[in-house]
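In what follows, a structure is listed as structure tokens, so that the remarks can point back to it.
Every read-out reported here was derived from the displayed coordinates using simple, explicitly stated rules and does not represent laboratory data. In this text the structure is predicted, and so the values were computed from the model without any measurement. Virtual Cβ from ideal backbone geometry, glycine too; neighbours counted across all protein chains shown.
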Amino acid sequence: MSAPYNHIEIETKWRKKWEENPINVNDGKKPKYYCLDMFPYPSGAGLHVGHWRGYVISDVWARYKMMDGNHYVIHPMGWDAFGLPAENYAIQTGQHPSISTAANISNIKKQIDQIGAIRDWDMELNTTDPEFYRWTQWIFVQMFKKGLAYEKEMPLNWCPRCKAVLANEEVVDGKCERCGSETTKKNLRQWMLKITAYADRLLEGLNGLEWPEKVKKMQTDWIGRSYGAEVQFPVEGSDEKITVYTTRPDTLHGATFMVLAPEHELVSKLTTPEQKEAVEAYCAMAANKSSVDRVQNKEKTGVFTGTCAINPLNGAKVPVWISDYVLADYGTGAIMCVPAHDDRDFAFAKKFDLPIVQVIAKDGVEIPDMQEAYTEASGTVINSGEWNGMESSVLKQEAPAMIEKMGIGKKTVNYKLRDWVFSRQRYWGEPIPIIHCEKCGAVPVPEDQLPVLLPDVESYQPTDTGESPLAAIDEWVNTTCPCCGGPAKRETNTMPQWAGSSWYFLRYVDVKNREALVSREKADKYLPVDMYIGGVEHAVLHLLYSRFYTKFLHDIGAIDFDEPFRRLFNQGMILGPKGVKMSKSLGNVVSPDDMVRDYGCDSLRIYELFIGPPQQDSAWDERGIDGVNRFLNKFWNTAVVSIENKTEATPEMIRLRHKLISDITMRLDQFALNTAVSKFMEYNNQMQKIAQECGGVDLETVGTYVTLLAPFAPHICEELWERLGHTDSVFHEKWPEADKSLAADDVREIPVQLNGKTKAVISISAEASREEALEEGRKAVASRLEGMKIVKEIVVPGKIINFVIRK
RNA sequence: GCCGGUGUGGCGGAAUUGGCAGACGCAAGGGACUUAAAAUCCCUCGGGGGCAACUUCGUGUCGGUUCGAGUCCGACCACCGGCACCA
């Protein structure tokens, strides 16, 4: 009797119907809901079950929002096709990136279609499409005009394998975020974006976002705002001054030496002839150190310049040293050292035998024979002249203003965030729309000449010189200056992969616009993104850059909001069967294609959700899908039998219906999709039992179940909905509402405990009074109460009865 | 080192936020149907003890609060993730 349902027939049928009659239609009246996936880069490997999971989660959410609140759902898909992965794949396979990219897109698009998600392919976009990157370039030009894009020569992170510079965000533990190679420093002229100008707003904007706390914290730490003071130390026997940044101006009297970064501009000026050789050797060594060494080797090294400076507060002579534990590009590249109250300074002082002066007395007393720095800002200030006796935490707050008054420094705010290195020496990216003219300098390409097309090139292999392959195409490089008409050269660097992804979400709602990146009318109507779903790996890359772009576009009036993503959900990874990351090299990549064929899209969708909490990583277990498939078959059979037999509703069925609505809706709202599936299974087991007893379940209950399950398993639910006699799509059904009074059981099962341990379970009317409950409870455990004294009686209505007893 | 997160059966994981620990599913074992197999259906399934109704222990460890703790508090351990010489 119980044949498995024919998933191939049903899924084919409904795909075709939805294509002919789209279910998600914008009638201009419905409220919008923008549910966005992080768009993929079209790799040659195609999608694995991990990618699938994210898309299933977002589609369930999109369909739920479509039904609940009758939204027009914007749920588009596009291709992040520029950048190193696409280019490297092309080099490996010996084809032009445009060809391999197009082939990969068509393959992945087919795989994405298998998910059965609601997608409006009219909105499809591709970052390598000139009609798209014209606007990527346009944004750059606007930034240039506002002084936010600028050129600078400086030592930059260089990846020898990718043969390109990297942004700070792309260097992890001194290694290239993408390929894992150790990075080195290379002095190059590069384009920078002044993201630091938005540091405060990027920080404060986080407050209003419904994002995982973890991601907000990561961005907060990355921006790294700190408050303190800049203080000037005059150099002995010279007019020079050394400016330091400190967050602990309260310890200024304890500064017994200073350290400059090896790259600090005063190094050569301050070095005495006697120390010259040692200093130069040290600086050369520091320059050659790889980033990994510099990060990992914390043993302090350094060398004395031979010169002293004067502590501006107490006139003490402080020797000036050089060490690479001071970073050239943070603060002023120079620090005052208070070994008594800073771990690093303490280690340095111990190593080079420099004096240690305590200026904060912990609990009122100086620490004898100090073995480690006392770093807390709490205690009484000592050895500090007029500041003696103050509370250190108070002084820490007040010192910057006091220093400013004395004319020896000023109050300052500092950030860890650095400007964004924006140019790459690679072929497969958007050309930076700048022309270099000897007379006029860097001139932006006029807006009516955008896009600057990426030219065809014979060899797009990267070079080792730090020059882009584009530099070799003379006829492209040589041009005329838009300003003076004289001979000029094009900028040959391209933009990083992040350029297109920093704003693509704005474009979907107006992909064909040739006048603007998005019309104000459409932006106001459809943006920003309500729900953004993707992996956590972009916490400080894409998600920070997008926020920066959005704020900039807001400031120039292109859009009227300044945060792109109201809500963010990070789905966990699907790991290989042994709990390790899926990768081609480990050979543990699971493709969804065979499973869709064998079990159907609906089964795979539900298994992807059932495998574990959506925000958590889960290891793939190929056997798990059997259970889900069995569930759908059982449900199918119960529904089909019910439709045939048309059973009358019983109070039990009605109660089940309302409980189901409230259980599923609650879990959807909490994003607990795995337990939502469990609940469907649980209720299905109950319905199956009822059907065996009564010949079926009433059709209203079946219909409600089908409606609730539809976002999860759209094909099978549409089919059953039709068999229930409906002519319109189940997705045009209103999301059911539970009636609490109908969901409530009139008889409850309540545990009866003695001293907190359950000894019996009684069935009792929901309306029973405390006395009735106690009476029933006492009866249930009567034999155990003999010879005992009840000390206390606890009744929590509908939950528990507990007797505290004693001999 | 600092900041997060997690820790529950053979496995993935539940627990309405302090109220029957182990829902739901996988795997395993037993049975029914079948010539047989698959599919399906039924039963068992944390550990110890008992023929048995039952009993006892049990949510990383130790302690605390409470009538009652996986859940709250304190100390610790392990693993995972992020940051890491940012003055």
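Rounded to the nearest 10 degrees, the inclination of helix A:49-67 to the longest alpha-carbon principal axis of chain A is 60 degrees. Residue order for A:K217, A:K175, fewest other beta carbons within 10 angstrom first, comes to A:K217, A:K175. Ordering A:T307, A:T246, A:T301 by the number of other Cβ atoms within 10 Å of each residue's own Cβ, fewest first, gives A:T301, A:T307, A:T246.
A dipole drawn for chain A from +1 and -1 charges on Cβ atoms has a positive end, and of A:V365, A:W735, A:G572 the residue lying farthest that way is A:V365. Taken about its Cα centre, chain A carries a charge dipole of about 1060 debye when Lys and Arg each add +1 at the Cβ and Asp and Glu each add -1 at the Cβ. Between the range A:421-493 and the range A:788-803, how far is it from one alpha carbon centroid to the other, in angstrom? Value for the Cα centre distance between the two parts: 82 Å. When the range A:207-335 is described by a simple charge dipole with +1 on each Lys and Arg Cβ and -1 on each Asp and Glu Cβ, the residue from A:A261, A:Y325, A:N311 located farthest towards its positive end is A:Y325. In the range A:320-402, Rg over Rh equals 0.99, where Rg is the alpha-carbon radius of gyration and Rh the Kirkwood radius from pairwise Cα distances.
In chain A, helical runs assigned H by DSSP with n ≥ 4 each contribute -39500 (n - 2.57); averaged across all residues and rounded to the nearest 500, the mean residue ellipticity at 222 nm is -11000 deg cm²/dmol.
Please work out whether the range A:605-763 counts as rounded, prolate or oblate from its C-alpha gyration tensor, where a ≥ b ≥ c are the square roots of the eigenvalues and a/c under 1.5 means rounded, while otherwise a/b larger than b/c means prolate and anything else oblate? Could you put the intermediate results ahead of the total?
Numbers: a/c = 1.70, a/b = 1.15, b/c = 1.48.
Here the range A:605-763 falls in the oblate category.
Taking the dipole about the Cα centre of the range A:74-172, with the C-beta of Lys and Arg at +1 and of Asp and Glu at -1, give me whichever of A:Q111, A:G83, A:W121 is farthest to the positive side. Going by the charge dipole, the pick is A:G83. Classified by the C-alpha gyration tensor, the range A:606-679 has an oblate form. Its axis ratio a/c, with a ≥ b ≥ c, is 1.5 or above, and a/b does not exceed b/c.
Computed from Cα atoms, the angle from the helix A:130-145 axis to the main principal axis of chain A rounds to 40 degrees. Rg over Rh for chain A works out to 1.07, using Cα positions for both radii and the Kirkwood form for Rh.
How far, in degrees from 0 to 90, does helix A:213-223 lean away from the longest principal axis of the Cα atoms of chain A, to the nearest 10? The answer is roughly 10 degrees.
Which FRET efficiency, nearest 0.05, do A:V413 and A:M666 yield, Cβ-Cβ r, R0 60 Å? Numbers along the way, then the final one.
Working: r = 45 Å, r/R0 = 0.74.
Working from the Cβ atoms, E equals 0.85.
By definition, a body whose alpha carbon gyration tensor gives a ≥ b ≥ c is oblate when a/c is 1.5 or more and a/b is not larger than b/c, and the range A:356-421 fits this oblate description. Inter-part distance, the range A:742-783 to the range A:533-556, computed on C-alpha centroids, equals 56 Å.
In the neighborhood of A:L209, defined by Cβ-to-Cβ distances under 10 Å, what is the net charge if each Lys or Arg adds +1 and each Asp or Glu adds -1? Mind showing how you got there, number by number?
Details: positive: A:K216, A:R547, A:R566, A:R567; negative: A:E210, A:E563.
Summing Lys and Arg as +1 and Asp and Glu as -1 gives +2.
What ranking of A:K789, A:K759, A:K581 emerges when the number of other C-beta atoms within 10 Å of each C-beta is taken as an exposure proxy, fewest first? Ranking A:K789, A:K759, A:K581 by Cβ neighbours within 10 Å, fewest first, gives A:K789, A:K581, A:K759. Placing +1 on the Cβ of every Lys and Arg and -1 on the Cβ of every Asp and Glu, with no other charges, gives the range A:1-140 a dipole of roughly 320 debye about its Cα centre.
How large is the convex hull of the C-alpha atoms of the range A:19-64 per residue, in Å³?
Details: hull volume 5.4 nm³, N = 46.
Each residue corresponds to 118 Å³ of Cα convex hull volume.
Taking label positions 7 Å along the Cα-Cβ direction at both A:D369 and A:N26, the computed distance is 7.7 nm, reported to one decimal.
Want the number for A:L586 to A:T758: 0.36 nm per residue separation, take away the alpha-carbon distance, what's left? Numbers along the way, then the final one.
Details: separation 172, 0.36 × 172 = 61.92 nm, distance 5.04 nm.
Using 0.36 nm per residue and subtracting the Cα-Cα distance, I get 56.9 nm.
About its Cα centre, the range A:630-714 has a charge dipole of approximately 240 debye under the convention of +1 per Lys or Arg Cβ and -1 per Asp or Glu Cβ, with nothing else charged.
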